[in-house]
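Step one of this worksheet: look at the structure below.
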Amino acid sequence: MPKKNYKHPIPSRNKLIEFLEDAGKPLKTEAIMSGFSLRGQRMRALLVETLTGMLRAGQIIENRRHEYCLTQKLELTTGRVSGHKDGFGFVIPDDGSADVYLSAREMRSLFHGDRVAVKVIGEDRRGKPEGVLVDVLERGTREVAGKFVRERGIGVVIPDNAKIAHRILIGKGESGGARPGQIVVAQILDYPTHMEQPTGRIVQIIGSPEQKGIATDIAIQSHGIPTGWPKPVREQVEKIGDSVPAAAKKARVDLRDVDLLTIDGADARDFDDAVFCEPSGKGWRLLVAIADVAHYVEVKSPLDKEAIVRGTSVYFPDRVVPMLPEALSNGLCSLNPEVDRLCMVCDMRVSQDGKVTRATFVEAVMRSKARLTYSQVNGFLSGNDKAIPKATHGPVRNLHALYKAFAKARGRRGALELDLPQIKFELNKDGEIERIRIESRNDAHRLIEECMIAANVEAAKFLKKNRIQALYRVHPKPDPDRFDELRLYLVSLGIKVPHPDHIEPRQFNNLLQKVKDRPDSAAISMQMLRSLTHAEYTPDNIGHFGLALDSYAHFTSPIRRYPDLLVHRGIRHIIRGGKPGRYDYDRQAMIRLGAITSAHERRAEEATRDVEAWLKCQYMVDRQGEVYDGVVTGVTNFGLFVQLKELMVDGLVHVTSLPNDYYHYDAGRQQMVGERTGRTFALGEALRVRVQRVDMETRRIDFRLADLAHEAPDEQPRRSKRGGRSKVRRR
């Protein structure tokens with residue numbers, strides 16, 4: 001094997017990959033050391049450290065002979081495991097290719113979140129890739145939150161996260177004083193194998209399930225959301241300070257005299273964006289100023305590494321787990337009023353028909369002139385001049401005029417109009433829920449949204465034009481299987497629907513317009529929303545279906561989203577004269593970061609959903625027996641999903657709670673049909689329901705029809721005239 005002339009002590013990952021490719025076979029550590037003329041224990045330790053990093057990244061794997069093999073040569077797929085409550089799982093590949101199905105058997109030795117290498121062996125019954133486990137590259141779970149129970153004298157932790165199907169065995173003396181029934185955190189001692197269950201020790205007692213205010217603590221632990229700040233991060237933040245130094249303001253465009261405003265929710269604490277609008281010719285000039293987080297968070301710094309681990313800020317009803325320390329997220333990076341702040345600005349010229357005709361990006365320094373809320377701005381737009389300071393009247397009127405032009409342009413391109421209300425939880429000081437409030441979107445929300453979309457589009461175009469590696473926010477077409485179910489239902493209503501392969505955003509939006517005046521429009525809109533695939537981050541720019549855009553990137557929230565920070569770095573690299581080939585990131589790095597940030601976004605959504613489900617159950621547990629108006633939002637073969645109109649709380653009317661009959665599920669028409677009575681229960685139907693049961697442990701709410709609440713369940717078998725038992729009617 002030829003010796004490699006290498007001037008640095010330890011070869012880079014790329015050099016090691018080239019070396020293994022040239023060798024054409026798996027190699028042990030000693031052979032690699034010899035090939036690079038490395039000697040001594042120190043050099044060996046440094047080489048092994050690099051190889052270990054490559055193992056974790058899935059670039060290589062170590063076989064049973066302790067030889068290093070190139071993953072690509074073995075035709076393996078590497079990625080992150082996503083578990084399912086029924087025991088099976090999927091590998092979400094690092095390269096963005098199709099998910100690989102793992103049977104329950106393959107999942108026996110895996111946890112949700114593990115990084116693995118698998119070999120595709122064929123297709124599952126749905127025609128999707130199916131794989132077998134080759135190697136566990138990295139364990140994604142160190143601790144598990146769940147309920148502690150004793151089964152036949154053996155301690156067990158049942159994970160709260162449904163994606164973890166394993167039960168954790170707690171050995172004698174490892175219970176940490178926990179009592180059966182308490183919610184705890186277990187540290188994993190031994191990971192599962194094909195033959196053995198995982199074992200652990202209890203390291204934290206969160207509390208009892210009925211205890212008020214612990215929903216967020218459970219969700220944080222269940223989903224492994226980082227909360228503490230490592231020492232190197234704390235030290236870096238201390239060095240940054242709490243004010244913008246004069247040197248940092250030099251060589252920047254000075255916008256401190258411009259009337260930039262922030263418009264956010266009343267409870268917002270971190271202000272990413274500020275806007276300013278003024279007439280320009282027959283159109284407008286729009287400035288969207290975004291906190292310059294990239295100035296403070298340098299590539300590969302402790303802050304940067306921790307931001308990757310977190311990926312996004314997580315917003316719970318009672319607290320925020322930020323991506324960046326509060327000294328930055330609520331302080332130095334937040335565009336608070338009347339203080340100097342560094343920013344990245346998208347300066348746009350917009351025509352009277354809402355089209356951006358020119359855009360430039362500049363590094364600037366600014367001073368926000370006012371912090372306004374959505375409700376204040378909406379009050380002003382509704383005619384209350386006193387709702388906002390007089391000095392802001394002109395800029396807000398200009399923004400509203402611009403918004404109307406943007407809205408017309410949005411309509412022309414056919415972007416989706418799913419303007420769904422949001423649910424807000426009002427909690428007391430103990431974290432107990434006092435009220436569920438429905439908050440509808442207004443023009444204040446919409447005008448800011450349109451300004452942010454415009455800036456995001458221009459950021460994506462700028463990066464694409466300059467051939468810089470970046471993460472785009474992409475949104476594929478609707479899932480064919482789910483959309484086909486929706487199509488069959490809409491066709492049954494007499495609505496013409498395109499085939500899933502040919503659906504375009506404009507057609508999808510036209511369908512929404514066709515059903516908007518129907519009494520079941522909300523339910524249909526919800527079904528249409530469910531047919532959409534999840535948006536994600538990837539360097540492959542396939543466009544954004546929902547917004548009907550060819551290019552879209554997240555630029556406007558770098559305080560709380562890591563992909564936005566990457567976009568800022570790419571823009572800054574270009575405007576400072578950098579070349580694409582000398583950028584800090586290559587395509588492989590962006591693929592990896594796209595997979596990580598997309599996974600962290602899903603993790604945050606799942607955690608907040610868990611807390612919201614908990615709070616809804618907590619709110620409804622004292623309302624068992626009460627009657628509400630609801631609408632059928634889903635139909636299955638086992639019953640009806642109903643959403644309460646005034647609370648947006650969901651529950652199930654089980655088929656056994658329907659009027660006494662045999663019911664048949666009609667998937668095409670999305671309805672249940674009684675065999676004897678012909679009674680139908682259909683998607684979108686209005687129903688009066690009574691809260692029958694609330695299960696805090698499973699976060700499930702059961703309803704029954706209010707007009708049947710007086711009937712006793714007819715489940716007792718009746719004696720026939722022959723003295724035997726008659727058939728029990730299933731309801």
> Taking the stretch 632-679, which residues are hydroxyl-bearing (Ser, Thr, Tyr), in contact with a Lys or Arg (Cβ under 9 Å, 6 or more places away or on another chain) and under 23 Å from VAL491 (Cβ atoms)?
Replying inline: TYR663
>> Quick check on my filter: what residues within the stretch 54-105 are more than 26 Å from ASP479 (Cα to Cα), among the acidic types (Asp, Glu) and out of contact with any Cys (no Cβ under 8 Å at 6 or more places or on another chain)?
In response: GLU67, GLU75
> If you check every pair at least six apart or on different chains, which have Cβ atoms under 9 Å apart with a residue in the stretch 429-443 that is assigned to a loop (DSSP other than H, G, I, E, B) first and a residue that is among the hydroxyl-bearing types (Ser, Thr, Tyr) second?
Replying inline: GLY431/THR216; ARG441/TYR374; ASN442/TYR374; ASN442/SER375; ASN442/SER382
>> If the requirement is being touching a residue at least 24 places away in the same chain (Cβ under 8 Å) and surrounded by 14 or more Cβ atoms within 10 Å (Cβ to Cβ), which of these qualifies: ARG201, ARG142?
In response: ARG201
>> What's the number of the only condition in (1) under 20 Å from LEU133 (Cβ atoms); (2) free of Cβ contacts under 8 Å to residues at least 60 places away in the same chain; (3) not small (Gly, Ala, Ser) that ARG56 fails to meet?
In response: (2)
>> Kindly evaluate ARG530 against the criterion of being outside any helix (DSSP H, G or I) and under 25 Å from VAL632 (Cα atoms).
In response: no
> Can you find even one residue in the stretch 436-455 that is in the same structural domain as THR556 (by TED's automatic domain parsing) and touching a Ser or Thr at 6+ places or on another chain (Cβ under 7 Å)?
Replying inline: yes
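Restricting to the stretch 571-583, name every residue that is assigned to a loop (DSSP other than H, G, I, E, B) and either surrounded by fewer than 14 Cβ atoms within 10 Å (Cβ to Cβ) or without any contact (Cβ under 8 Å) to a residue 60 or more places away in the chain (or both).
Of all residues in the stretch 571-583, those assigned to a loop (DSSP other than H, G, I, E, B) come to 576-579, 583.
Once the filter is applied, which keeps residues that are assigned to a loop (DSSP other than H, G, I, E, B) and either surrounded by fewer than 14 Cβ atoms within 10 Å (Cβ to Cβ) or without any contact (Cβ under 8 Å) to a residue 60 or more places away in the chain (or both), the stretch 571-583 yields ARG576, GLY577, GLY578, LYS579.
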>> Taking the conditions exactly as written (crowded, with 17+ Cβ neighbours inside 10 Å, out of contact with any His (no Cβ under 6 Å at 6 or more places or on another chain) and in contact (Cβ under 8 Å) with a residue 12 or more places away in the chain), does THR597 satisfy them or not?
In response: yes
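One line per residue, one yes/no per condition, for (1) free of Cβ contacts under 8 Å to residues at least 60 places away in the same chain; (2) in the same structural domain as TYR537 (by TED's automatic domain parsing); (3) out of contact with any strand residue (DSSP E or B) (no Cβ under 6 Å at 6 or more places or on another chain); (4) closer than 27 Å to THR199 by Cβ:
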{"site": "ARG44", "(1), (2), (3), (4)": "yes, no, yes, no"}
{"site": "VAL48", "(1), (2), (3), (4)": "yes, no, yes, no"}
{"site": "THR52", "(1), (2), (3), (4)": "yes, no, yes, yes"}
{"site": "ILE61", "(1), (2), (3), (4)": "no, no, no, yes"}
{"site": "GLY96", "(1), (2), (3), (4)": "no, no, no, no"}
{"site": "LEU102", "(1), (2), (3), (4)": "yes, no, no, yes"}
{"site": "VAL116", "(1), (2), (3), (4)": "yes, no, no, yes"}
{"site": "ARG125", "(1), (2), (3), (4)": "yes, no, yes, no"}
> Hey, any hits in the stretch 490-506 for a residue that's surrounded by 20 or more Cβ atoms within 10 Å (Cβ to Cβ), over 22 Å from the mean Cα position of the chain (by Cα) and either of a type in the set (D, E, K, R) or within 30 Å of LYS579 (Cβ to Cβ) (or both)?
Replying inline: no
>> Looking only at residues that are small (Gly, Ala, Ser) and within 30 Å of VAL642 (Cβ to Cβ) in the stretch 528-553, which one is surrounded by the fewest Cβ atoms within 10 Å (Cβ to Cβ)?
In response: ALA535
> If we scan the stretch 402-416, do we find a residue that is in a loop (DSSP other than H, G, I, E, B), within 30 Å of LEU615 (Cβ to Cβ) and at pLDDT below 95?
Replying inline: yes
>> Please verify whether THR556 is of a type in the set (Ser, Thr, Tyr) and surrounded by 19 or more Cβ atoms within 10 Å (Cβ to Cβ), treating the condition exactly as stated.
In response: yes
>> I need the full set of residues from the stretch 257-271 which are part of a loop (DSSP other than H, G, I, E, B) and either touching a helix residue (DSSP H, G or I) at 6+ places or on another chain (Cβ under 9 Å) or surrounded by 18 or more Cβ atoms within 10 Å (Cβ to Cβ) (or both), in order please.
In response: VAL258, ASP259, LEU260, GLY265, ALA266, ARG269, ASP270, PHE271
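From GLU196, GLU210, which residue is without any contact (Cβ under 8 Å) to a residue 24 or more places away in the chain and charged (D, E, K, R)?
Just a single option satisfies the conditions, and that option is GLU196.
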> Quick one: how many residues across the stretch 515-527 are surrounded by 15 or more Cβ atoms within 10 Å (Cβ to Cβ) and either in a loop (DSSP other than H, G, I, E, B) or at pLDDT 80 or above (or both)?
Replying inline: 1
>> Can you pull out every residue in the stretch 173-209 that is of a type outside the set (Gly, Ala, Ser), modelled with pLDDT under 90 and in contact with a Gly (Cβ under 8 Å, 6 or more places away or on another chain)?
In response: PRO209
> So which of VAL474, VAL457 is surrounded by 17 or more Cβ atoms within 10 Å (Cβ to Cβ), in contact with an Asp or Glu (Cβ under 7 Å, 6 or more places away or on another chain) and under 16 Å from SER551 (Cβ atoms)?
Replying inline: VAL474
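The values are calculated or read from the model by the stated rules, or taken from the named source; none is laboratory data. All values reported here derive from a predicted model rather than from experimental measurement. Positions of Cβ are generated from backbone atoms using ideal geometry, with glycine treated the same way; all protein chains shown enter the neighbour counts.
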